[in-house]
């Protein structure tokens with residue numbers, strides 16, 4: 001047998017193993033509300049090739065590839081346990097067991113690592129929490145996709161309604177067009193599932209989820225209880241109101257909390273999941289998920305400050321163009337954003353640097369920032385230049401950040417890539433707040449420059465949904481909490 005024959009046989013074996021994992025992953029998700037992860041990446045509803053690719057890129061700090069032959073026994077062990085709702089990372093389980101010297105079997109080690117989700121310790125499956133989307137633009141539609149995806153187990157968050165402008169002036173085919181925009185996206189591709197339109201009842205039905213489309217030009221026009229909606233979390237994707245007074249307009253009958261997908265002003269808490277989401281007070285009704293750039297830079301800033309201390313910093317974002325720019329030169333209230341977005345690099349401002357203080361108050365270092373809009377439709381990069389509290393070297397920083405991305409509490413926010421030819425399109429669909437580009441990282445003594453890719457649409461939307469899950473009370477614990 002030739003080397004190529006061996007490689008092909010190995011691939012077919014791993015393909016067969018990955019195929020056998022799919023029904024186990026699906027059954028755990030549907031019947032027990034357990035989401036199986038591999039180094040913070042969900043394996044639910046993934047194809048055989050996707051599972052293999054996730055294993056290929058989920059590496060240890062030492063750089064060893066993780067194989068399905070290693071993770072399969074831990075998945076099989078999970079199917080034998082009396083599990084309650086949880087997120088369980090079989091990548092961390094496999095690597096932790098490899099490093100453990102107690103000689104425990106896979107089943108015993110797994111049972112010990114996820115003890116908080118088994119037997120008398122397991123939490124009850126909770127009733128779904130109603131969610132309303134106010135606005136159905138770029139972020140609104142991606143958040144909708146995520147909410148529909150997460151409703152597969154019948155628990156968690158339930159998208160009940162979408163509020164859009166129109167009133168009595170909407171076009172006859174308005175509902176059909178909005179459903180089409182949800183079904184197909186030029187950047188993010190096809191919706192994974194089926195979408196139909198119930199025009200008689202003003203509903204979009206996506207993967208069996210009946211979503212009412214409400215037409216209103218002002219929050220005061222809507223009584224959500226009339227649609228059977230109660231105790232809902234409303235996600236405002238319009239950015240029209242950013243202070244407490246304006247956002248309070250959404251606190252109508254049927255709505256309990258309001259989450260803004262833009263930086264909040266005044267005393268509105270700006271939340272970056274993974275960093276300060278645990279500071280949200282239970283009685284708080286209005287909060288913001290800050291900006292996509294704030295979400296991209298704050299987790300790595302926290303990681304670097306925790307390990308090295310940060311004395312000062314500057315962030316330069318090279319940001320994809322957005323809907324508030326013009327396709328061709330035309331009037332715009334901002335100085336430069338009126339110039340053609342797909343034809344120019346446009347210098348503009350970013351509030352991300354100033355927002356750091358709200359999300360990371362323990363960081364005393366001054367952070368400055370600026371931004372350039374460039375002619376790409378999605379994925380941006382933040383160049384974070386830091387003066388550290390002590391000297392270090394590039395290899396040490398990269399080893400530390402790789403570990404943060406794999407096993408730390410920030411592993412859902414921070415990803416890590418060593419690909420030497422990585423470009424922006426490679427990160428479309430990333431569910432992390434930012435991805436550290438190892439090849440571009442520069443360290444010289446107490447100066448470090450990090451290059452942070454981020455899908456400013458989808459990655460940010462994932463952060464929004466995480467915040468909503470947290471405030472809704474349906475954010476289930478993740479096991480193992482850290483590597484053993």
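How about the range 365-392: which of its residues are at pLDDT below 95 and surrounded by fewer than 16 Cβ atoms within 10 Å (Cβ to Cβ)?
Selection gives 366, 368, 370.
With more than 26 Å from residue 306 (Cβ to Cβ), out of contact with any strand residue (DSSP E or B) (no Cβ under 9 Å at 6 or more places or on another chain) and loosely packed, with under 14 Cβ neighbours inside 10 Å as the only criterion, which of 362, 329, 335 stands out?
One residue alone meets the criteria, 329.
Which of the residues spanning the range 186-197 are more than 24 Å from the chain's Cα centre (by Cα) and loosely packed, with under 15 Cβ neighbours inside 10 Å?
196
Name the single residue that is surrounded by the most Cβ atoms within 10 Å (Cβ to Cβ) among those in the range 130-153 being touching a helix residue (DSSP H, G or I) at 6+ places or on another chain (Cβ under 8 Å) and modelled with pLDDT under 90.
Per the criteria, the residue is 150.
Outside any loop (DSSP other than H, G, I, E, B), more than 18 Å from residue 467 (Cα to Cα), at pLDDT 95 or above and in contact with a strand residue (DSSP E or B) (Cβ under 7 Å, 6 or more places away or on another chain), is that true of residue 204?
So residue 204 passes the test.
So is residue 356 surrounded by 16 or more Cβ atoms within 10 Å (Cβ to Cβ), more than 29 Å from residue 277 (Cα to Cα) and touching a residue at least 24 places away in the same chain (Cβ under 8 Å) or not?
Against the criterion (surrounded by 16 or more Cβ atoms within 10 Å (Cβ to Cβ), more than 29 Å from residue 277 (Cα to Cα) and touching a residue at least 24 places away in the same chain (Cβ under 8 Å)), residue 356 does not qualify.
Regarding residue 254, is this residue within 27 Å of residue 460 (Cα to Cα), in contact (Cβ under 8 Å) with a residue 24 or more places away in the chain and surrounded by fewer than 18 Cβ atoms within 10 Å (Cβ to Cβ)?
Taking the combined requirement at face value, the residue does not satisfy it.
Hand me the list of helices (runs of 4 or more DSSP H) wholly inside the range 1-102 holding 3 or more residues that are farther than 23 Å from residue 403 by Cβ and modelled with pLDDT under 90.
3-32
So, in the range 163-185, exactly how many residues are surrounded by fewer than 18 Cβ atoms within 10 Å (Cβ to Cβ) and over 16 Å from residue 143 (Cα atoms)?
12
Among the numbered conditions (1) part of a helix (DSSP H, G or I); (2) at pLDDT 90 or above; (3) under 22 Å from residue 429 (Cβ atoms), tell me where residue 111 comes up short.
(3)
Just to be sure, is residue 411 in contact (Cβ under 8 Å) with a residue 40 or more places away in the chain, within 30 Å of residue 190 (Cβ to Cβ), crowded, with 19+ Cβ neighbours inside 10 Å and within 15 Å of the chain's Cα centre (by Cα)?
Yes, satisfied.
Can you list the strands (runs of 3 or more DSSP E) found entirely within the range 345-437 that contain at least 3 residues being assigned by TED's automatic domain parsing to the domain that holds residue 455 and farther than 21 Å from residue 447 by Cβ?
346-348, 367-374
Only residues that are more than 18 Å from residue 303 (Cβ to Cβ) and over 21 Å from the mean Cα position of the chain (by Cα): list them for the range 431-474, please.
439, 444, 445
Outside the structural domain of residue 47 (by TED's automatic domain parsing), under 28 Å from residue 427 (Cβ atoms) and in contact with a strand residue (DSSP E or B) (Cβ under 6 Å, 6 or more places away or on another chain): is that true of residue 195 in this structure?
yes
The values are calculated or read from the model by the stated rules, or taken from the named source; none is laboratory data. Predicted, not measured: the structure shown is a model, and the values here were computed from it. Don't worry about glycine lacking a Cβ; one is built from the backbone with ideal geometry, like all the others, and counts go over all protein chains shown.
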